[in-house]
Amino acid sequence: MSLSATTAPPSPAAPPPRPPARRRSRSHSLTRLDLKYSPYLYIAPFFVIFGIFGLYPMLRTAWMSLHDWNLIGDHSFIGFDNYVALVKDEYFWNATLNTFGIFLLSTIPQLLLALFLANLLNRTFLRARTLFRMAIFMPNVVSVAAVAIVFGMLFQRDFGVINWLLSFVGIDAVDWDAERWSSWTAIASMVNWRWTGYNTLILLAGMQAIPRDLYEAAALDGASQWKQFWRITLPMLTPTFVFVVILSTIGGLQLFTEPLVFANGNIIGGDQREFQTLAMYMYELGIENLNTAGYGAAVAWAMFLMIALVSGINFLLVRRTVK
Amino acid sequence: MNSASRRLWRTSPLTYVALVLATLFSIYPFYYMVVIATRSLDSINDVPPPVTPAGSFGDNFGRVLDNDAANFLTGLLNSVIVSGIVTVSVVITGSLAGFAFAKLRFRGRNALLLTIIVTMMIPTQLGLIPLWGMIQDLNWFDTLYAVTVPFLVSAFGVFMMRQYATQAISDELIEAGRVDGASTFRIYWNIVLPALRPAAAVLGLLTFMETWNSFLWPYAVLTSENPTLQVSLAFLSYAYYTDYSQVFAATAVGTLPLVIVFIVFGRQIVGGIMEGAVKS
């Protein structure tokens, strides 16, 4: 109908037959209203709730960070003073170091292992494929709190399973939460356990989208499996790999629950803040201590900038090296 | 398939060894949880560590129920309520908006869709402190409103349903509905929603698991008086970290529902995650 209206010139001689009944024209205008405005009704719930509880608090964080803000209600504008103080804050840099240390200890082994497992699961004649996929993904189903409780016990000093295993290779019992390297290792292992399977599945999905004839052609040319992995799988996997790296970055730099539960709820993360992460520091400043909410908001923005920066760097790095 | 490509895709025994090892690593902490949850308190300090379950689960879980420092049963009930409401809401609002973005024409559609995609990339922690203040102002602290209302919608849910609706529902079908005089809502209810059912099921499962497991926000706005399950577990383990068999009995009970859900629907969950990865 609309097609003929644009091609044929309007002819006044033959007016379109109008339905005489008023009822039909009313229902016609209702239909037009429905077509034109009802889509907004359908998307409204998302935008209303997200606007109030998502977007508004995020913007308000920026506003708060420019104030000496107290969550009870008092606040005064101080410009960028919070950010200046942040640069000189040794606890902030301590938390940054811890966050990045744990982040590297968890992300790198996790992604390498995921790449390895995905490559195994990608074999065509693999039996019990679904079973393996489910088993490897299963850790992701448990809550972080439960994982931290279970691993807290595995890493217990006196009767933990890990120290017991280490005793076989002649290593003395480690007091896991007492030192930087050991607490980082324990926390990173929780993250690795929980997320390796998830990343494996995402990478596997990417691998399955690679055309099989590429491999067959390479095999006919005599390329080994190893060579095929480097020359075909990795380059073709780049978009998926970037996705996985960025996802891990966002998650890794926001690490909170594992170190908190590992520290039995101590927000400073160990006696000497040896595993306090940025998210914990933000929580300490903004929520545990109501008087420094503005300063906590500045930490939140610093965190966000770091995540954006590291994601960007990863994006460029992964794209360059894999090409 | 010729013999060269058959050799190319063969699976060596080493592959199975590696995968079985990975499986054992994945399963062991679950098993360990069950072992400790069923052991009496004094057998936990044993060296070597216990490897088989015993019969003390009833005792241990009894201590959990008697323990009014963590309100475990309240937490369990709260988690069921909150996860249920959030799941239903995310599926309904997600499918409504997803349908609108995929199949309806309206001004600003692309810009609004882009907004949703961008918001998926912003970490929620950025808004944590002001949101906490808002909850105080609303007098929602330590109530279920605080952990339910902000999560009734999800950008990921809208995006996922939009992707699925775009490919699963033909324009002709909707056109046919219009010719028959159906209103847009009728078309949603009678045509779109049934067609979206597979995606809705996966989104529902993922949302349920995520809500059931969420920790940071409930921990910030709830107390041990009126906790969700995860908050209750945390307080239990802080206060009773010497009574591991009690804590593990609670942890096992809190984890079991998810493990059952996963064993029943695991195929769909795993498939949904892989599907989402390729599409996005």
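The values are calculated or read from the model by the stated rules, or taken from the named source; none is laboratory data. All values reported here derive from a predicted model rather than from experimental measurement. All Cβ positions, glycine included, derive from the backbone under ideal geometry; neighbour counts span all protein chains shown. In case anyone asks, the SASA skips ligands and DNA or RNA and just uses the protein heavy atoms, side chains included. Shrake-Rupley method; radii C 1.70, N 1.55, O 1.52, S 1.80 Å.
Only alpha carbons enter this Debye calculation for segment A:136-178, each as an equal point scatterer, and the log10 of I(q)/I(0) it gives at q = 0.20 Å⁻¹ is -0.66. Close amide H partners of B:ARG39, meaning residues 5 or more places away or on another chain with modelled amide H under 5 Å apart, are B:ALA54, B:SER56. Between the C-alpha center of segment A:236-263 and that of segment B:23-40 there is a gap of 26 Å.
Using each residue's phi in segment B:212-226, evaluate 6.51 cos²θ - 1.76 cosθ + 1.60 at θ = phi - 60° and report the 3J(HN,Hα) Karplus result to the nearest Hz, with x for Gly and Pro. So the J values, rounded to whole Hz, are 4, 8, 5, 10, 3, 5, x, 5, 6, 10, 10, 10, 6, 6, 9. Principal-axis analysis of the Cα atoms of chain A puts helix A:90-121 at an angle of about 70° to the longest axis. Remark: mean inter-chain Cβ contacts per residue of A:54-66 equal 5, using a 10 Å Cβ-Cβ cutoff to other protein chain atoms. The radius of gyration of the Cα set in the protein assembly as shown, together with its Dmax, comes out at 27.2, 102 angstrom.
How big is the B-A contact in terms of buried accessible area, both chains counted, 1.4 Å probe, rounded to the nearest 100 Å²?
On the way: alone 17060 and 20770 Å², together 29200 Å².
Counting protein atoms only, the buried area is about 8600 Å².
Taking all Cα pairs closer than 8 Å and separated by 6 or more residues, the relative contact order of chain B comes to 31 percent.
Of the trypsin sites (Lys or Arg not before Pro) in segment A:27-105, the ones in a loop by DSSP (not H, G, I, E or B) with at most 16 other beta carbons within 10 Å are A:LYS88.
Neighbouring Cβ atoms from other chains, within 10 Å of the Cβ of residues in B:96-108, number 4 on average. For segment B:31-48, backbone phi angles converted through the Karplus equation (6.51, -1.76, 1.60; θ = phi - 60°) give residue-by-residue couplings of 4, 4, 4, 5, 4, 5, 5, 9, 9, 6, 4, 6, 7, 7, 7, 4, 10, x Hz, Gly and Pro being listed as x.
Assuming R0 = 25 Å, what is the FRET efficiency of B:ARG178 and B:MET120, from their Cβ-Cβ distance, to the nearest 0.05?
Values: r = 32 Å, r/R0 = 1.27.
My answer for the efficiency is 0.20.
Counting pairwise Cα distances across chain B, what percent come out greater than 27 angstrom?
Numbers: 21852 of 39060 pairs.
Counting every Cα pair in chain B, those more than 27 Å apart make up 56 percent.
Taking amide H atoms as placed 1.01 Å from N in the peptide plane, the amide H of A:HIS67 lies under 5 Å from those of A:ILE78, each 5 or more residues away in sequence or on another chain. Packing around the peptides A:312-318, A:220-226, taken as the average count of other Cβ atoms within 10 Å per residue, puts them in this order, highest first: A:312-318, A:220-226. The P(r) of segment A:102-226 has a tail past 26 Å containing 38 percent of all C-alpha pairs.
Taking the C-alpha atoms only, the angle from helix B:244-279 to the longest principal axis of chain B is near 30 degrees. The Rg/Rh ratio for segment B:115-219, using Cα coordinates for both the radius of gyration and the Kirkwood hydrodynamic radius, is 1.10. Evaluated at q = 0.14, 0.24 Å⁻¹, the base-10 log of the normalised Debye intensity for segment B:186-278, with identical point scatterers placed on the Cα atoms, takes the values -0.69, -1.15. Here chain A is described by how far its Cα atoms reach on the three principal axes: 101, 73, 35 Å, from widest to narrowest.
Helix A:293-322 and the long axis of chain A differ in direction by around 90°, with both axes built from C-alpha atoms. Between the C-alpha center of segment B:206-230 and that of segment B:133-192 there is a gap of 23 Å.
Counting only heavy atoms of the protein chains, get the accessible area per residue of the protein assembly as shown (1.4 Å probe) and round it to a whole Å² value.
Numbers: 29200 Å² over 603 residues.
Ligands and nucleic acids excluded, the result is 48 Å² per residue.
For the protein assembly as shown, the carbon plus sulfur part of the accessible surface works out to 65%, probe radius 1.4 Å.
Considering only A:SER183, A:SER29, A:SER143, the mean-square fluctuation computed in a Gaussian network model of chain A, springs between alpha carbons under 10 angstrom, is largest for A:SER29. Exposure check, 1.4 Å probe, all protein chains in place: A:HIS67 carries approximately 10 Å² of accessible surface. Taking all protein chains as shown and a probe of 1.4 angstrom, B:PHE61 keeps an accessible surface of around 40 Å². Its residues counted as N, segment A:284-323 yields a C-alpha radius of gyration over 2.2 N^0.38 Å of 1.75. For the protein assembly as shown, the number of Lys pairs with C-alpha atoms closer than 25 Å, counting only pairs eight or more positions apart or on separate chains, is 4.
Working note: Karplus 6.51/-1.76/1.60 with θ = phi - 60° gives segment A:145-151 the couplings 4, 5, 4, 5, 5, 5, 5 Hz, where Gly and Pro are set to x.
The chymotrypsin sites (Phe, Trp or Tyr not before Pro) found in segment A:119-164 that occupy coil by DSSP, while having at most 14 further C-beta atoms within 10 Å, are A:PHE125. Of all the C-alpha pairs in segment A:212-323, what % are more than 16 Å from each other? Here the long-distance tail beyond 16 Å is 69 percent of all Cα pairs in segment A:212-323. Who wins for biggest fluctuation among A:ASN119, A:ASN199, A:ASN98 in a Gaussian network model of chain A, springs between alpha carbons below 10 Å? Result: A:ASN119 has the largest fluctuation of those listed.
Under a Gaussian network description of chain B, with springs only between Cα atoms under 10 Å, the residue in B:TYR188, B:TYR244, B:TYR16 that fluctuates furthest is B:TYR16.
Note on B:GLU172: accessible area approximately 130 square angstrom, rounded to 10, probe 1.4 Å, nucleic acids and ligands left out. Residues of segment A:272-301 buried by at least 50 Å² of accessible area upon assembly of all protein chains, compared with the chain on its own (1.4 Å probe): A:MET282, A:TYR283, A:ILE287. Annotation: segment A:152-231 has a Kirkwood hydrodynamic radius of 16.2 angstrom, from the mean reciprocal C-alpha pair distance.
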